[in-house]
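The block underneath contains the structure these notes are about, expressed in structure tokens.
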Amino acid sequence: MTEGPVDVRADTRARLQQAALELSTRDGFEQVTADDIAEAAGTSRRTFFRCFATKADAVWGEFGAHVDRLERLLAATRDDQPVLASICAAYVEVNDYADGDLPILRQRMALILGEPALQAHSQVRYADVDRVVAEHVARRTGQAPGDLLPRLVATTTRAAATTAFEVWLADGTTTLGRALHAAFDQLALGFPALRGAPPSSTTS
């Protein structure tokens, strides 16, 4: 029995992504060049730019596929499921990584959330997520994606997910799924933790 053909492009993209992550973690994202990444991956500069438009794209990896999956999950939600619950469920499912993939995810997210140059690039990426979520909210509410409510839900749910990632990275004990659920629960219920009386203060 012979194995099927190897997707050389996918294998090359994977090696370039791993090299970009490792070099950027070790040396700093802005100090690493596309040539450095290509050399570390055992390929050429020309091949690098056939796979990725920029070195930031190599660090982000297959984010386009991530957005596409989020869009499919939202499109498949039931009409009787509350809108925020449907978005939370889709975010949790699309970020349900196998245990073996978590170290690379941690490495990638630590770079994306910690490097100023990558944070600037992330605005373009986040716009794709916001568009998908806003379109989902618009379908469910009969509004236009550019109306206030769809846009507000898109940006706040994405901020909740980003905060959950930050907590997951810093905590070291909670799971990503638990952090996502906790963030969305607070958002969906109007921050119930803030409803109690504020702690009394004493003055000397």
| said: Filter the range 143-161 down to the residues that are over 19 Å from Gln81 (Cα atoms) and open to solvent by less than 30 Å² (accessible area, probe 1.4 Å) and list them by number. | reply: Ala160, Ala161
| message | Among the numbered criteria (1) in contact (Cβ under 8 Å) with a residue 60 or more places away in the chain; (2) within 30 Å of Ala41 (Cα to Cα), which one does Ala58 miss? | response | (1)
| query | Does any residue in the range 27-43 that is modelled with pLDDT under 95 come within less than 9 Å, Cβ to Cβ, of a residue that is not in a helix (DSSP H, G or I) six or more places away or on a different chain, and which pairs are these? | reply | Gly28/Glu115; Phe29/Glu115; Glu30/Glu115
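Condition check: touching a residue at least 40 places away in the same chain (Cβ under 8 Å) and over 30 Å from Thr157 (Cβ atoms). Does Glu71 satisfy that?
Working: touching a residue at least 40 places away in the same chain (Cβ under 8 Å): yes; over 30 Å from Thr157 (Cβ atoms): no.
When the stated conditions are applied, Glu71 does not pass them.
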| query | Out of the residues in the range 146-176 that are small (Gly, Ala, Ser) and more than 13 Å from the chain's Cα centre (by Cα), which is nearest to Tyr91 (Cα to Cα)? | reply | Ala154
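Residue by residue, here is whether (1) closer than 30 Å to Ala144 by Cα; (2) at pLDDT 90 or above; (3) hydrophobic (A, V, I, L, M, F, W, C) holds:
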| site | (1), (2), (3) |
| --- | --- |
| Ala53 | no, yes, yes |
| Ala56 | no, yes, yes |
| Pro82 | yes, yes, no |
| Val92 | yes, yes, yes |
| Asn95 | yes, yes, no |
| Pro103 | no, yes, no |
| Ser122 | yes, no, no |
| the range 31-66, residues that are surrounded by fewer than 19 Cβ atoms within 10 Å (Cβ to Cβ) and of a type in the set (A, V, I, L, M) | Ala34, Ala40, Ala53, Ala65
| query | Is there any pair linking a residue in the range 143-168 that is among the aromatic types (Phe, Trp, Tyr) to one that is open to solvent by less than 20 Å² (accessible area, probe 1.4 Å), with Cβ under 6 Å and at least six apart or on different chains, and which? | reply | Trp168/Leu176; Trp168/Ala179
| Extreme residue, least open to solvent (accessible area, probe 1.4 Å), among residues of the range 87-142 that are in contact (Cβ under 8 Å) with a residue 24 or more places away in the chain and not in a helix (DSSP H, G or I) | Asn95
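The values are calculated or read from the model by the stated rules, or taken from the named source; none is laboratory data. Just so it is clear, the structure is predicted and the values come from calculations on it, not from any experiment. Glycine gets a Cβ as well: all are built from the backbone with ideal geometry, and neighbour counts include every protein chain shown. Ligands, DNA and RNA are excluded from the accessible area calculation, which covers all protein heavy atoms including side chains. Shrake-Rupley method; radii C 1.70, N 1.55, O 1.52, S 1.80 Å.
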